[in-house]
Amino acid sequence: MRYEEMTIEGRNAVLEAFRSGKTIDKLYVLKGCQDGPVNTILREARKRDTIVSFVAKERLDQMSETGKHQGVIASAAAYAYAEVEDILKIAEEKGEAPFLILLDNIEDPHNLGAIIRTANLAGAHGVIIPKRRAVGLTATVARASAGAINYTPVAKVTNLGATIDELKKKGLWFVCADMDGTTMYDLDLKGPIGLVIGSEGEGVSRLVREKCDLIASVPMKGDIDSLNASVAAGVLAYEIVRQRYR
């Protein structure tokens, strides 16, 4: 299912979007606004664990395309999210060991789109992203994925660490990318696996990294110290592919 409207403005329109079940990635509300209609919208947002940002009028005015935001703007997902169970079911139906890509601190839509594209081509069964400090399925992400977003499911979870714990109970193990890890060629990356990728600046957060079974590094011979996140994801994903084909 695809959502045609990416930005929703105005109190009635935003409230109707919530009540119709549309996926809202983020809600922007005028700072200090506490009237009845806005409180009703905030209640709906809380029910769905939607991220809410209280911002100045100037920010809303800049974001607004209609000039009639009434103190409320919602950012809707361009595509529907999957559930983690949906991703595991795809692997089961294909008779393959699950291969998931989990993203921590990826806020650049071009990186997310490129990683979804790589996930599709490398045969990963899906991508998992956190609700906070992460870009959602925006139109820019869709374009950067070059159509892969139509075929590779993306799940959004409240807590990436808790999701890893649950997936470990289902037999998956996890490897995360980090410059200080073991060279990827020296690791056994076969079986049901989750590949965890962080941003170039911050990398994988400590709490998530500590839950990973292995830390993998990509050998680098150049003069700079890191790869773009989507490139690192591609290199490591294809090392997993190589080992699966051995």
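For the reader, a short list of remarks on this structure follows.
- Residue within segment 24-40 that is out of contact with any strand residue (DSSP E or B) (no Cβ under 9 Å at 6 or more places or on another chain) and either closer than 28 Å to residue 128 by Cβ or surrounded by 16 or more Cβ atoms within 10 Å (Cβ to Cβ) (or both) present: no
- Answer from 124, 119 - the residue that is in contact (Cβ under 8 Å) with a residue 60 or more places away in the chain and either of a type in the set (Val, Ile, Thr) or not in a loop (DSSP other than H, G, I, E, B) (or both): 119
- Among (1) at pLDDT below 85; (2) at positive phi; (3) not polar (S, T, N, Q) - the single one residue 77 does not satisfy: (2)
- For segment 106-136, the candidate set comprises residues that are over 20 Å from residue 228 (Cα atoms) and out of contact with any Lys or Arg (no Cβ under 6 Å at 6 or more places or on another chain); within that set, the residue that is surrounded by the most Cβ atoms within 10 Å (Cβ to Cβ) is 126.
- Any hit, segment 227-235, residues being more than 25 Å from residue 96 (Cβ to Cβ), in contact with a Gly (Cβ under 7 Å, 6 or more places away or on another chain) and open to solvent by 20 Å² or more (accessible area, probe 1.4 Å): no
- Where residue 16 falls short, out of the listed (1) out of contact with any helix residue (DSSP H, G or I) (no Cβ under 8 Å at 6 or more places or on another chain); (2) open to solvent by less than 30 Å² (accessible area, probe 1.4 Å): (2)
- Cβ-Cβ contacts under 9 Å between residues 6 or more apart (or on different chains), taken from a first residue in segment 91-103 that is free of Cβ contacts under 8 Å to residues at least 60 places away in the same chain to a second residue that is among the charged types (D, E, K, R), are listed as 96/244.
- Filtering 146, 162 for residues that are out of contact with any strand residue (DSSP E or B) (no Cβ under 6 Å at 6 or more places or on another chain), at positive phi and surrounded by fewer than 21 Cβ atoms within 10 Å (Cβ to Cβ) leaves a single hit, 146.
- Residue selected from segment 48-105 under the condition closer than 15 Å to residue 163 by Cα and not aliphatic (A, V, I, L, M), by the criterion surrounded by the fewest Cβ atoms within 10 Å (Cβ to Cβ): 85
- Residue in segment 142-149 that is touching a Gly at 6+ places or on another chain (Cβ under 8 Å) and modelled with pLDDT of 95 or more present: no
- All helices (runs of 4 or more DSSP H) inside segment 144-246 with 3 or more residues being in contact with a helix residue (DSSP H, G or I) (Cβ under 6 Å, 6 or more places away or on another chain): 229-245
- Only residues that are farther than 17 Å from residue 148 by Cβ and aliphatic (A, V, I, L, M) were counted in segment 69-90, giving 6.
The values are calculated or read from the model by the stated rules, or taken from the named source; none is laboratory data. Please read all numbers here as calculations on a predicted model, not as lab measurements. Reconstructed Cβ throughout: ideal geometry from the backbone, glycine too, with neighbour counts over all protein chains shown. Each accessible area value is taken on the protein alone, full model and side chains, heavy atoms only, with ligands, DNA and RNA left out. Shrake-Rupley method; radii C 1.70, N 1.55, O 1.52, S 1.80 Å.
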